[in-house]
């Protein structure tokens, strides 16, 4: 079964990966039969997976090759690009997300086994204890590769400037990694009067941002901040649309290269 799925994967291009905007309307599903059913539907619809690997800030693409309900595990295709596969090892924790019929699913698990067939790797991953089902459908966020290096500048109500790197974006909001030495801590509910995303071609996105979540300041690594746009300039909406389309095309090309 896995060998046939690997062969089929080589002949079929994948769609672009997207990640849903974080919102309050999220259901946690713990019933094993319900989890198995949703994973099976994701597999049958050939939905692209977006995978984050612990210890890395980048995101990678994969696909479900098999759902083994009796054994309570799934088989994932080799991560693309190759930098993702280089991070994989037995016991490594991963976060997997996918879009199923317009709704985002997500779960965390670990790599149980790493195998290969025909020179292509695949991973056995146990079913998660919980699967998160995001109900919000209005905006889907495109992940931003690290090499893009798109900067974000937040000017707080107190006039302090917090800078960072864009991690994903949609018309509805964004998330970012904050640069070290930020002069002010942000918490959920804070309103940032001026949020500016600066692209390499000098175009900008200008908006008012409300913080929806923020990692604990002072924890290991750079804190991640995510929020929704309360207001966005009309011209900025066009810039976001063009950027998301470009990111989707780039991610699709990466997935097709192998």
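Take the residues of the range 140-153 that are touching a residue at least 60 places away in the same chain (Cβ under 8 Å) and assigned to a strand (DSSP E or B): which is nearest to residue 84 (Cα to Cα)?
Among residues in the range 140-153 that are touching a residue at least 60 places away in the same chain (Cβ under 8 Å) and assigned to a strand (DSSP E or B), the one nearest to residue 84 (Cα to Cα) is 143.
Among the candidates 165, 184, single out the residue that is part of a strand (DSSP E or B) and out of contact with any helix residue (DSSP H, G or I) (no Cβ under 7 Å at 6 or more places or on another chain).
On the way: 184 fails: part of a strand (DSSP E or B).
The match here is 165.
For the range 168-181, give me the residue count where each residue is closer than 14 Å to residue 141 by Cβ and not in a loop (DSSP other than H, G, I, E, B).
Restricting attention to the range 168-181, the residues satisfying the condition of being closer than 14 Å to residue 141 by Cβ are 168-176.
With not in a loop (DSSP other than H, G, I, E, B) added as a condition, the list becomes 168-170, 173-176.
Going through the range 168-181 one residue at a time, the tally reaches 7.
Run residue 9 past the list (1) at pLDDT 60 or above; (2) out of contact with any helix residue (DSSP H, G or I) (no Cβ under 8 Å at 6 or more places or on another chain); (3) surrounded by 16 or more Cβ atoms within 10 Å (Cβ to Cβ); (4) over 15 Å from residue 104 (Cα atoms) and report the number of the one that doesn't hold.
The single condition residue 9 does not satisfy is (1).
Residues to consider are 58, 129, 77, 70; find the one that is touching a residue at least 60 places away in the same chain (Cβ under 8 Å) and exposed (fewer than 14 other Cβ atoms within 10 Å of the Cβ). Can you show your working first?
Details: 58 fails: exposed (fewer than 14 other Cβ atoms within 10 Å of the Cβ); 77 fails: exposed (fewer than 14 other Cβ atoms within 10 Å of the Cβ); 70 fails: touching a residue at least 60 places away in the same chain (Cβ under 8 Å).
Answer to the selection: 129.
Residues 148, 155, 112, 93: which one is surrounded by fewer than 19 Cβ atoms within 10 Å (Cβ to Cβ), over 28 Å from residue 187 (Cα atoms) and either in the same structural domain as residue 236 (by TED's automatic domain parsing) or in contact with a strand residue (DSSP E or B) (Cβ under 9 Å, 6 or more places away or on another chain) (or both)? Give the steps one after another, and end with the answer.
Details: 148 fails: over 28 Å from residue 187 (Cα atoms); 155 fails: over 28 Å from residue 187 (Cα atoms); 93 fails: over 28 Å from residue 187 (Cα atoms).
Residue meeting the stated conditions: 112.
The values are calculated or read from the model by the stated rules, or taken from the named source; none is laboratory data. These numbers come from a predicted model, not from an experiment. Glycine gets a Cβ as well: all are built from the backbone with ideal geometry, and neighbour counts include every protein chain shown.
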